[in-house]
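The numbers here are math on the coordinates, done by the rules we state, and not lab data. Since we're looking at a predicted model, the values are computed, not measured. Neighbour counts run over all protein chains shown; Cβ positions are idealised from the backbone, glycine included.
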Amino acid sequence: MVGDVNNIMQSIFLWHKASKQKDNENIRDLVERTVAGKIHETEKFRGPEIIFVSFALEDKHQFDLLKNQSLKTKKAFHYISIPVENVDTPEWKERARTQIQRSDAVLVLVSRNSLRSDKQKKEITLAKEENKRMLGIWAYTRDGTKLKGVRTVLWTPDAIRKFIDRPIAETLKNVFRVLLELILYPF
C-alpha cells in the first residue's frame with residue numbers, strides 16, 4: 001500500500017513539474033500511464049460501492065424488493081436511502097445532500113408515482129447538483145414513465161449489475177481527459 005501511495009505521489013509531483021514547464025506531451029504521457037497502470041491497484045483498497053436509491057413513498061415495497069434482490073456483482077455494494085420526512089425542511093435537504101454526496105451513484109425507481117413525489121424530485125435534483133452517476137429503472141413492468149434528465153431502463157438484474165460494476169477506470173479516464181483539456185487549453 002505504501003508503494004502505491006508513493007507511486008501516486010510521484011505521479012502528482014511529475015504532473016505538477018510538467019505543468020509548470022508547459023510540457024504538454026509529458027503531461028499527456030503521465031496521465032495515460034497513471035490511468036493505465038494504477039487504477040486496478042488502487043481499486044482493491046476501496047470499500048463497498050454505495051448506491052443511493054431514490055423512490056416515491058408509494059414505491060417503498062419495490063425498494064424492499066430491490067434490496068433483497070440477489071446480484072452477483074464484481075464489486076461489493078450496499079443501498080442507502082433516507083426516510084420520508086418533511087421534505088420542505090432545511091434539515092431534510094442537508095441530510096439528503098449528505099447521503100447523496102457519500103454515495104458512488106444514484107439508482108432511481110421510476111414509476112407513475114415519481115411524477116407526484118416531491119421527495120424523489122428533490123433527491124434527483126440534489127444528485128444532479130452533485131454530478132452523481134444516475135440510472136433509472138422502471139419500478140413496474142408495464143410502467144413507461146419518463147423523468148426528465150434520468151436515463152431509464154427495464155429493471156433487470158443485468159442492468160443493475162452493469163450499473164454497479166461500471167469500471168472505475170472509465171470514470172477516471174474522463175476525469176483525466178477533462179484535466180488534460182484544462183491544462184492544454186486554459187480559459
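Structure summary
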{"quantity": "Model label zone, Lys146; criterion: amide N under 18 Å from point 7 Å along Cα-to-beta-carbon; scope the stretch 113-130", "calculated": "113-116"}
{"quantity": "Entries of Lys67/Lys93; Lys128/Lys148; Lys74/Lys132; Lys72/Lys146; Lys75/Lys121 with Cα pairs more than 18 Å apart", "calculated": "Lys67/Lys93; Lys74/Lys132; Lys72/Lys146; Lys75/Lys121"}
{"quantity": "Relative contact order, percent, the stretch 49-155 [alpha-carbon distance under 8 Å, six or more residues apart]", "calculated": "31"}
{"quantity": "Residue-wise HN-Hα coupling along the stretch 102-115, computed from phi with Karplus coefficients 6.51, -1.76, 1.60 (Hz; x: Gly, Pro)", "calculated": "7, 7, 8, 7, 10, 10, 10, 7, 9, 7, 4, 5, 4, 5"}
{"quantity": "5 angstrom amide H check on Phe77, placed H, neighbours 5+ away", "calculated": "Glu49"}
{"quantity": "Sequence-distant residues sharing a close amide H with Val153 (under 5 Å, placed H)", "calculated": "Gly136, Ile137, Trp138"}
